[in-house]
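To start, the structure itself, in structure tokens.
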Amino acid sequence: MHHFFVDPSAVGGSELCITGADVNHIKNVLRLQAGEHITVSDTTGKEYTCAISRLTDAAVFAKIEDMQAEASELSAELYLFQGYPKGDKLEMIIQKTVELGVSKIIPVMTRRSIVRLDEKKAAKKQARYQAICEAAAKQSKRGVIPEVLPVMDFGEALKLAATLDKILIPYEDEKGLINSKKVINEAISHKKIGIFIGPEGGFDAAEVEAVTALGAHPVTLGHRILRTETAGLAIMAVIMFELECRQENGEHKNGSIF
């Protein structure tokens, strides 16, 4: 079934109303008709199975047949601090990390970031990034639409990271897979987890020191050097798998599938 998002205010009694750009998509792209079924999330943790009841030029109305708690969200909020990469790599990173369960994506300008954006260009790109985020959330049937924050400098990113419960920083000079496994398994017992990923060329030593000064834990992702567009996906996949195994097993603080 196709998946859509609405504001909680669009849900009333046994019916909900879809408005905005999704109306054209439902009517003219998907060509859905009255009686066909869709799923809808209201971004508060509720997912509705609905049957389309009527379509107008401005809205699609759907009868609610079932409601359940959203099962697609992770038990922790994951904040990806992504060193700003070249080209369209960030678009792919956003799409794939949304599929993996990220909560917020924070593009960060670091010392080794090659691209530099003026304010006008940054605002235009952020709007595109958020649209990619929403499309990926629909495709993967997320219960919420993750947020892409405005591009930050490294100092601003550190201030935001300081408000989180735990911070991880995959770093090519870190050694010891067994210790990294322990660090990750301890970190995911927390509710808000930050992940710092460097741009092409990685973080410089001073940036790594600044993040670790906040209490961040460097981890290794293996014996190979991963590209900036690969590293975030790798650690996100590990965290997602571990969290969902714990949820399925009813384990919240202890236990590991690794």
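The values are calculated or read from the model by the stated rules, or taken from the named source; none is laboratory data. All values reported here derive from a predicted model rather than from experimental measurement. As a convention, Cβ positions derive from the backbone with ideal geometry for all residues, glycine included, and neighbour counts pool all protein chains shown.
Working only within segment 125-151, note down all residues that are closer than 13 Å to residue 108 by Cα and in contact with a Phe, Trp or Tyr (Cβ under 8 Å, 6 or more places away or on another chain).
148, 151 - these are the residues of segment 125-151 that are closer than 13 Å to residue 108 by Cα and in contact with a Phe, Trp or Tyr (Cβ under 8 Å, 6 or more places away or on another chain).
Name the single residue that is surrounded by the most Cβ atoms within 10 Å (Cβ to Cβ) among those in segment 204-228 being more than 14 Å from residue 171 (Cα to Cα) and touching a residue at least 12 places away in the same chain (Cβ under 8 Å).
Quick first cut of segment 204-228, residues more than 14 Å from residue 171 (Cα to Cα) only: 213-215.
If we keep only those that are touching a residue at least 12 places away in the same chain (Cβ under 8 Å) as well, we get 214-215.
On the way: 214: 15, 215: 12.
Among those residues, the one meeting the criterion is 214.
Hey, which of the helices (runs of 4 or more DSSP H) in segment 146-231, taking only ones fully inside, have at least 2 residues that are within 16 Å of residue 83 (Cα to Cα)?
It comes to 154-161, 205-212.
With in a loop (DSSP other than H, G, I, E, B), touching a residue at least 40 places away in the same chain (Cβ under 8 Å) and in contact with a His (Cβ under 8 Å, 6 or more places away or on another chain) as the only criterion, which of 75, 113 stands out?
Matching residue, one of 75, 113: 75.
Pick from segment 30-46 the residues that are in a loop (DSSP other than H, G, I, E, B) and touching a residue at least 60 places away in the same chain (Cβ under 8 Å): which of them is farthest from residue 67 (Cα to Cα)?
The residue in question is 43.
Among the residues of segment 1-29 satisfying the criterion of being part of a helix (DSSP H, G or I) and polar (S, T, N, Q), which is nearest to the chain's Cα centre (by Cα)?
Step one: list which residues in segment 1-29 are part of a helix (DSSP H, G or I), which gives 8-10, 21-29.
Now narrow it down to the ones that are polar (S, T, N, Q): 9, 24, 28.
Values: 9: 24, 24: 26, 28: 29 Å.
Ranking the candidates gives 9 first.
Given (1) closer than 18 Å to residue 140 by Cα; (2) surrounded by 13 or more Cβ atoms within 10 Å (Cβ to Cβ); (3) without any contact (Cβ under 8 Å) to a residue 40 or more places away in the chain, where does residue 68 come up short, assuming only one miss?
(2)
Given the residues 132, 106, which is the only one that is in contact with a helix residue (DSSP H, G or I) (Cβ under 7 Å, 6 or more places away or on another chain), at pLDDT 95 or above, assigned to a strand (DSSP E or B) and among the β-branched types (Val, Ile, Thr)?
Unique residue meeting the criteria: 106.
So residue 52 clears everything in (1) in a loop (DSSP other than H, G, I, E, B); (2) modelled with pLDDT of 95 or more except one condition, right? Which one?
Here residue 52 clears every test but (1).
Pick from 93, 167, 132: which is of a type outside the set (Gly, Ala, Ser), crowded, with 17+ Cβ neighbours inside 10 Å, in the same structural domain as residue 233 (by TED's automatic domain parsing) and over 21 Å from residue 204 (Cβ atoms)?
Only one candidate passes the filter, namely 132.
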